[in-house]
Amino acid sequence: MLRAFGVGGPTVDTVLTNPNVRPGDVLTGEVRIAGGDHPAEIDHVTLALLTRVEVESGDNEYNTNMEFHKYSVAQRLAVGPHQNLSLPFQLPVPVECPLNVVGGTQLAGMQLGLRTELEVRGAVDPGDLDPIWVHPLPSQDAVLQAFGHMGFRFTKADNERGRIHGVPQTLPFYQEIEFYPPPQFAGRVKQVELTFVTTPQHLHVILEADKRAGLLRAGGDVYGRFGVTHEQALGTDWTATINQWMAQVSGSRW
């Protein structure tokens, strides 16, 4: 009976060559399986990338763990008692993968992990979970550097389930990186949210400003979009581009 609860069954440990990656990179490592007290049949060994996603349902909001990419390592394995197996893998990271490290600092609110799933016949999946650290692409970093140079202050980051119209989004959620605006715009803009939607060739930058209401002006959300190739992003003056957009949003003069 204890076998049905995984007692004495195989255990799994995934070892990453390097947990630091960028969107579109390949995550490498090996899945190490140690046999238990009795023979076991493993139907599938699967890796899954997962993150926390905020879901809106009617008037309610909740957070859930969401798998957004799966990779099959092996199928139909027989593991003998106390036998050790090592399964190397190369897992492509989606180019739309959210970020959780910027400038060497973890983004508050962002969790990303690699889960190893073992489908053991007649037993509970032992599983394994390893954190991964996703750094920005050079094109994304150029935009983030401009936010820093302008004096924006990072507040938090999260993922929201849903789709942004007009961009080639493939994941069922998008990341929002939130900032307080610099002093020259703080009187008219509460905060600015930055979203990247990335393809192998292009970077789409979506900005959302939460504009304060005034005596003669309406508040609400204002959006800006910029689509460039990754090469063009490196040559773009993002400080000037974002400053011009913020000036238009806030109604400030140059």
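Only the coordinates and a few stated rules stand behind these numbers; no lab work does. Note that this is a predicted model, so its numbers are computed, not measured. Every residue, glycine among them, receives a Cβ derived from its backbone with ideal geometry; neighbour counts consider all protein chains shown.
Calculate the dipole size of the range 35-87 relative to its Cα centre from +1 charges on Lys and Arg beta carbons and -1 charges on Asp and Glu beta carbons; express the result in debye to the nearest 20. Please report the intermediate quantities before stating the final value.
On the way: 3 positive and 8 negative charges, 79 e Å.
In total the dipole reaches around 380 debye.
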Overall Cα dimensions of the chain, principal axis frame, Å, largest first: 75, 42, 30
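Treating the beta-carbon of each Lys and Arg as +1 and of each Asp and Glu as -1, no other charges, what is the dipole magnitude of the chain about its Cα centre, to the nearest 20 debye? Please report the intermediate quantities before stating the final value.
Details: 19 positive and 28 negative charges, 158 e Å.
That gives the chain a dipole magnitude of about 760 debye.
Taking 0.36 nm per intervening residue step and subtracting the Cα-Cα distance, what contour gain separates V55 from N18 on full extension? If you can, show how the numbers build up before the last one.
Working: separation 37, 0.36 × 37 = 13.32 nm, distance 3.09 nm.
Once the chain is fully extended between V55 and N18, it gains 10.2 nm.
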Between the range 86-157 and the range 168-243, the alpha-carbon center distance in angstrom: 21 Å
Cα centre as origin, Lys/Arg/Asp/Glu Cβ charges: the range 138-250 dipole, Debye: 400 debye
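Would you please give the FRET efficiency between R212 and R32, computed as 1/(1 + (r/R0)^6) with r the Cβ-Cβ distance and R0 = 35 Å, to the nearest 0.05?
Numbers: r = 55 Å, r/R0 = 1.56.
For R212 and R32, the calculated efficiency is 0.05.
Provide Rg over Rh for the range 2-134; use the alpha carbon set for both Rg and the Kirkwood Rh (inverse mean inverse pair distance).
Details: Rg = 16.7 Å, Rh = 16.1 Å.
Here Rg/Rh amounts to 1.04.
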GNM result for the chain, Cα springs below 10 Å: residue of T116, T11, T64 fluctuating most strongly: T64
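How much length is gained if the chain between K190 and H69 is pulled fully straight, taking 0.36 nm per residue apart and subtracting their Cα-Cα distance, in nm to one decimal?
Values: separation 121, 0.36 × 121 = 43.56 nm, distance 3.46 nm.
Full extension of this stretch gives 40.1 nm more.
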Dipole-positive endmost among Y174, F152, G187 within the range 138-250 (Cβ charges, Cα centre): G187
Cα-based reach from K70 at 13 Å (exclusive), listing aspartates and glutamates while leaving out same-chain residues under 8 positions away: E117
Separation of the R225 and Q106 label points, Cα + 7 Å toward Cβ, nm: 3.5 nm
nm² value of the averaged projected area, convex hull over the Cα atoms of the range 47-89: 5.0 nm²
Over the range 130-243, equivalent-ellipsoid semi-axes from the Cα gyration tensor in Å: 24, 17, 15
Computed lengthening from R76 to Q145, 0.36 nm per intervening residue step minus Cα-Cα distance: 20.1 nm
